[in-house]
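A single structure is presented below for examination.
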Amino acid sequence: MTIVTTVLFGLIYPLAVTGIAQLAFPDKANGQLIKRSDGPIIGSRIIGQPFGGPGYFHSRPSAAGAAGYDAGASSGSNLGPTNQKLIDRIKGDVDRLKAENPGKAVPIDLVTTSASGLDPHISPAGADFQISRVARERGMNENEVTLLVAKHTEGRTLGILGEPTVNVLLLNLELDERKPMMKK
């Protein structure tokens, strides 16, 4: 019985599910990778990555791995709400963002990590908070950047589940296509 169940559920079943997924949903089965037109893979629609330059929309902070965004170390920080290290990091992030955009409330997702540390999305409020900086750095009109954010805002799943989100990688890629960053 052990040999039969091992072969059935350890070999045949996983191969069958993988084969069906490859046939029915090849993009999703392969990680929803994004490739440049000339071939190299530049990211995934479902795994976040950091963007540090002022002309880019920034992702949520990440606690996955030592430098963040490490898919091999996907996890939250496990720091509780009274942990001084977490409080200090969030306070520092809030202060930095307030200096960047004085007088505007800082959206919570720009200072808190997701459970996996790999969330590719920010809230529409998080994107809106960054529009003026991105537009200024790229020499674009704020209305033009606002329209790009709206274009990349994904609604609720099935119209009722979850919250609207903005995929940071896809938004930044379109910004690079429309108005590439000038080298300083």
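Can you confirm whether residue 73 is surrounded by 11 or more Cβ atoms within 10 Å (Cβ to Cβ) and out of contact with any Lys or Arg (no Cβ under 8 Å at 6 or more places or on another chain)?
Details: surrounded by 11 or more Cβ atoms within 10 Å (Cβ to Cβ): yes; out of contact with any Lys or Arg (no Cβ under 8 Å at 6 or more places or on another chain): yes.
Judged against the criteria, residue 73 is a match.
Continuing with the same structure: Is it the case that the range 63-78 has a residue that's modelled with pLDDT of 90 or more, under 15 Å from the mean Cα position of the chain (by Cα) and closer than 18 Å to residue 167 by Cα? Write out each step before concluding.
Let us first name the residues in the range 63-78 that are modelled with pLDDT of 90 or more, namely none.
Checked against the condition, which is being modelled with pLDDT of 90 or more, under 15 Å from the mean Cα position of the chain (by Cα) and closer than 18 Å to residue 167 by Cα, the range 63-78 yields no hits at all.
Ok, one more. Take the conditions open to solvent by 40 Å² or more (accessible area, probe 1.4 Å), aliphatic (A, V, I, L, M) and either within 24 Å of residue 131 (Cβ to Cβ) or not in a loop (DSSP other than H, G, I, E, B) (or both) and apply them to residue 67. Does it pass?
On the way: open to solvent by 40 Å² or more (accessible area, probe 1.4 Å): yes; aliphatic (A, V, I, L, M): yes; either within 24 Å of residue 131 (Cβ to Cβ) or not in a loop (DSSP other than H, G, I, E, B) (or both): no.
The answer is no for residue 67.
Results for (1) modelled with pLDDT under 95; (2) among the aromatic types (Phe, Trp, Tyr); (3) in contact with a helix residue (DSSP H, G or I) (Cβ under 8 Å, 6 or more places away or on another chain), shown as yes or no for each residue.
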position: 104; (1), (2), (3): yes, no, yes
position: 112; (1), (2), (3): yes, no, yes
position: 120; (1), (2), (3): yes, no, yes
position: 124; (1), (2), (3): no, no, yes
position: 127; (1), (2), (3): no, no, yes
position: 147; (1), (2), (3): no, no, no
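Filter the range 1-39 for residues that are of a type in the set (Phe, Trp, Tyr), over 29 Å from residue 70 (Cβ atoms) and surrounded by 11 or more Cβ atoms within 10 Å (Cβ to Cβ) and give the result. Full working, then the answer.
Here is the first cut: in the range 1-39, the ones of a type in the set (Phe, Trp, Tyr) are 9, 13, 25.
Next, from what is left, pick out any that are over 29 Å from residue 70 (Cβ atoms): 9, 13.
Scanning the range 1-39 gives a single hit, 13.
Which number in (1) modelled with pLDDT under 90; (2) outside any loop (DSSP other than H, G, I, E, B) marks the one condition that residue 20 misses?
If we test residue 20 against (1) modelled with pLDDT under 90; (2) outside any loop (DSSP other than H, G, I, E, B), just (1) comes out false.
Go through (1) modelled with pLDDT of 90 or more; (2) out of contact with any helix residue (DSSP H, G or I) (no Cβ under 8 Å at 6 or more places or on another chain) and name the single condition residue 180 misses.
(1)
Now for a different question. Go through (1) closer than 18 Å to residue 48 by Cα; (2) in contact (Cβ under 8 Å) with a residue 24 or more places away in the chain and name the single condition residue 72 misses.
Result: residue 72 passes all but (2).
Also, quick follow-up: Can you name the residue in the range 40-57 that is assigned to a loop (DSSP other than H, G, I, E, B) and in contact with a Pro (Cβ under 8 Å, 6 or more places away or on another chain) and is also surrounded by the most Cβ atoms within 10 Å (Cβ to Cβ) among such residues? Step through it out loud before you land on a result.
Here is the first cut: in the range 40-57, the residues assigned to a loop (DSSP other than H, G, I, E, B) are 40, 45-46, 48-57.
Filter again for in contact with a Pro (Cβ under 8 Å, 6 or more places away or on another chain), leaving 45-46, 48-49.
Details: 45: 15, 46: 15, 48: 26, 49: 17.
Here the residue is 48.
So which residues in the range 76-96 are exposed (fewer than 15 other Cβ atoms within 10 Å of the Cβ) and within 13 Å of residue 116 (Cα to Cα)?
76, 78
Pairs only if they're at least six apart or on different chains, beta carbon under 8 angstrom, first in the range 117-136 and basic (Lys, Arg), second open to solvent by 10 Å² or more (accessible area, probe 1.4 Å); list them, first residue then second.
Sorted first by the residue in the range 117-136, then by its partner, the pairs are 133/54; 133/100; 133/101.
Filter the range 70-95 for residues that are of a type in the set (S, T, N, Q) and in a loop (DSSP other than H, G, I, E, B) and give the result.
Hits for the range 70-95 are 74, 75, 77, 78, 82, 83.
The values are calculated or read from the model by the stated rules, or taken from the named source; none is laboratory data. Every value quoted in this text rests on a predicted model; they were computed, and no experiment measured them. Every residue, glycine as well, gets a Cβ built from its backbone with ideal geometry; the counts of neighbours run over all protein chains shown. Only protein heavy atoms, including side chains, enter the accessible area calculation; ligands, DNA and RNA are left aside. Shrake-Rupley method; radii C 1.70, N 1.55, O 1.52, S 1.80 Å.
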